[in-house]
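Okay, so here's the structure we're looking at.
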Amino acid sequence: MSSTTIDIDKLQVGMFIHLDLGWWAHPFALSSFQIHSAEQITQIRQLGLSQVRWSPQRSHLADQTLSSAPPTPDSDGSTDQSSNTTDESVDSAARRRAALAEQRRAERVCARQYAEAGHAWKAAVEKVFDAPAISLQTTQALTRSLLDKMLVDGELCIRVLADAPGDRAAAHALNVTVISLLMGRCFGFADEEMMDLGVGSLLHDVGKLELPDRLRLPDGQFTPAENNLYREHVAHGLKHGQRMGLPNGALSVIAQHHELADGSGFPQRLAGERITVPARIVALVNRYDNLCNPAVPSHALTPHEALSLIFAQARSKFDASMLNAFIRMMGVYPPGSVVQLTDDRYACVISANASRPLKPRVLVCDAGVPADEALLVNLEDTPDLGIRRSLKPAQLPVVAQNYLGSGQRVVYFFEPALAPVDCLDEDEAA
C-alpha cells in the first residue's frame, strides 16, 4: 500500500505510521504500527523527527469511523429478542476466528521484530573493520532496544520461529543474545550488567570475521592446525572489541565465551569463579545453540536432546546455578522440540514459559484442521493432556513432518506470555 509523509505535529491516534529509523533506534515493538494513544504520539515526537511516513489506507482515524447503529426498537419500545440470541456454534466459530487472528498477529509481531533485529546486527558487524565506533553505537542501540522490549511487566515466553530470515551467523548471534538476556533477567541483573551481557553476546563471535569461511563453524573434521586457527577467533574478537571501546563486562564475554567451569575450555583454561558471570551464561547458551544448529545440519540435535545431553554428559562444564536456571527457563521440552502427546498425537513445541516447564504451548498435528488454521494448544489449560516423549523430526510420519514444518534450523525470539494487542493494525491481524 502507498504511503505519504506528514508533519510530526499533525499525528493523530489511529494513523498507521512507518518509522524509518531502524528498529534499534526507537522504543516501539515494530517500526510500522498503528498509533493507539496520545502517549505514543509524545514518544514519537521525542525521536527528533520533523516528518514521518504514514499509510492512509491502513489508518483508522476517529472522523472516518462510523459507529454501528443501535438495534431498532419495536413499537412497544422493546428490542427484538431474536436479534440478541446468537447460535452457540456461531459464537464458538467467532471466538475461534478471533483467537486465530490474535495468534497470527503475535507470530507476525515476533517474526518482524526478529527480522529487524537481524538487520541491525548485520549493520553493526559490517562496520567492525572500517568504523568501529559506529559498530559499537549500533550494537549498544540494538541491545538497548532488546532490553526495552524485554523489561515489561509480566512473564515472557521463548518462542521458536519458522522460516526465519537471515544467515546462520546472524541467527546464532541473536539466539545466544536473546536467551542470555532472558537469563540475566531471571537473575535480576542491573541495567549496566544487562547492557554488557547483551553487547558481549551479540559480538561474542566477532573474531570469526578474521577466519576463512570454512573455519568459522567447527564440524569435527578440523585438522589440529585448523583447530588452533579456529580458536584464535577469541583473540581476534577481543582485539576488535578493544578497538570499538567496549566496556570490560562485554569484553569478558568475548574473551571467555569458550571457557568452561571445569577448566577444560579455551583459550586460558579458566575455571569456576575466574570466569565472569555473564561469560558463564553465554558459554552455556552458546554450547546449546551449537548443538541445535551445527555446521552440518544432519548432525543437529533436537532442543530436547541438546538440553538432555548437556545435563547428562556435560553438567560439570557449566555453572550449576546457570544450568538449573536455563532448564527452568527453556522447559524440559524447549521450543522447537517435536513431541508425542499422551493421546498419541504429534506436536511441535512453539513457546515455553519458565513458570510452567512441563506445560508449553504446542502446535498439534490434526488432519481435520489445515496447518495454517491450527490454534496453538496451551498444555497448562488441558490437565488431561501432556507430553509423552520427544522425537526426532525424521521419526514422524511424512504427513506430520509436513504439517508441523519442523525445519533444520532452530531460531528463537521472545514474546509476552500474553501478547499485547496494539502492535499491529486490525487489517494486519486478519
For the range 158-201, enumerate the residues that are under 19 Å from Glu415 (Cα atoms), in contact (Cβ under 8 Å) with a residue 60 or more places away in the chain and assigned to a helix (DSSP H, G or I). Ala171, His172, Leu174, Asn175, Val176, Val178, Ile179, Ser180, Leu182, Met183, Gly184, Cys186
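Given Ala111, Ala115, Ala124, Ala133, which one is surrounded by fewer than 22 Cβ atoms within 10 Å (Cβ to Cβ), among the small types (Gly, Ala, Ser) and farther than 18 Å from Leu30 by Cα? Can you show your working first?
Working: Ala111 fails: farther than 18 Å from Leu30 by Cα; Ala115 fails: farther than 18 Å from Leu30 by Cα; Ala124 fails: surrounded by fewer than 22 Cβ atoms within 10 Å (Cβ to Cβ).
After applying the criteria, what remains is Ala133.
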Residue list for the range 350-372, restricted to those being crowded, with 18+ Cβ neighbours inside 10 Å and of a type in the set (D, E, K, R): Lys359, Arg361
If the Cβ limit is 8 Å and pairs must be 6+ apart or interchain, which residue in the range 228-240 that is touching a residue at least 60 places away in the same chain (Cβ under 8 Å) pairs with which residue that is buried (at least 16 other Cβ atoms within 10 Å of the Cβ)? His240/Val128; His240/Pro132; His240/Leu203; His240/Val206; His240/Gly207; His240/Leu209
Residue within the range 248-258 that is more than 25 Å from Ala123 (Cβ to Cβ) and surrounded by 16 or more Cβ atoms within 10 Å (Cβ to Cβ) present: yes
Hey, among Asp163, Asp153, Asp219, Asp167, which residue is at pLDDT below 95, on the phi > 0 side of the Ramachandran plot and among the charged types (D, E, K, R)? Asp163
Any residue that is of a type in the set (A, V, I, L, M), touching a residue at least 40 places away in the same chain (Cβ under 8 Å) and within 29 Å of His257 (Cβ to Cβ) - is there at least one of those in the range 359-376? no
Is it the case that some residue within the range 211-224 is under 14 Å from His172 (Cβ atoms), assigned by TED's automatic domain parsing to the domain that holds Ser321 and of a type in the set (Val, Ile, Thr)? no
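Considering Lys239, Lys208, which residue is under 26 Å from the mean Cα position of the chain (by Cα) and of a type outside the set (Asp, Glu)? First the steps, then the outcome.
Values: Lys239 fails: under 26 Å from the mean Cα position of the chain (by Cα).
Selected residue: Lys208, the only one of Lys239, Lys208 that is under 26 Å from the mean Cα position of the chain (by Cα) and of a type outside the set (Asp, Glu).
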Of the conditions (1) loosely packed, with under 15 Cβ neighbours inside 10 Å; (2) over 28 Å from the mean Cα position of the chain (by Cα); (3) modelled with pLDDT of 75 or more; (4) part of a loop (DSSP other than H, G, I, E, B), Asp20 fails just one. Which one is it? (2)
Index of the failed condition, Val282 passing every other in (1) modelled with pLDDT under 95; (2) buried (at least 23 other Cβ atoms within 10 Å of the Cβ); (3) of a type in the set (Val, Ile, Thr): (1)
Of the residues Thr42, Thr72, Thr65, Thr79, which single one is polar (S, T, N, Q), surrounded by fewer than 17 Cβ atoms within 10 Å (Cβ to Cβ) and modelled with pLDDT of 85 or more? Thr42
Cβ-Cβ distance below 6 Å, separation of 6 or more or different chains: which pairs start in the range 259-285 with a residue that is under 20 Å from Glu232 (Cα atoms) and assigned by TED's automatic domain parsing to the domain that holds Glu232 and end on one that is buried (at least 24 other Cβ atoms within 10 Å of the Cβ) and of a type in the set (Lys, Arg)? none
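Hey, does the range 218-230 have a residue that's buried (at least 17 other Cβ atoms within 10 Å of the Cβ) and in a helix (DSSP H, G or I)? Even if it seems obvious, please write down each step before you answer.
To start, the set of residues in the range 218-230 that are buried (at least 17 other Cβ atoms within 10 Å of the Cβ) comprises 230.
Next, only the ones that are in a helix (DSSP H, G or I) stay: 230.
Within the range 218-230 (the criterion being buried (at least 17 other Cβ atoms within 10 Å of the Cβ) and in a helix (DSSP H, G or I)), the answer is yes, since at least one residue qualifies.
The values are calculated or read from the model by the stated rules, or taken from the named source; none is laboratory data. This structure is a prediction, so every number in the text was calculated from the model and none was measured. A quick note on method: Cβ atoms are made from the backbone with ideal geometry, for glycine too, and the neighbour counts reach across all protein chains shown.
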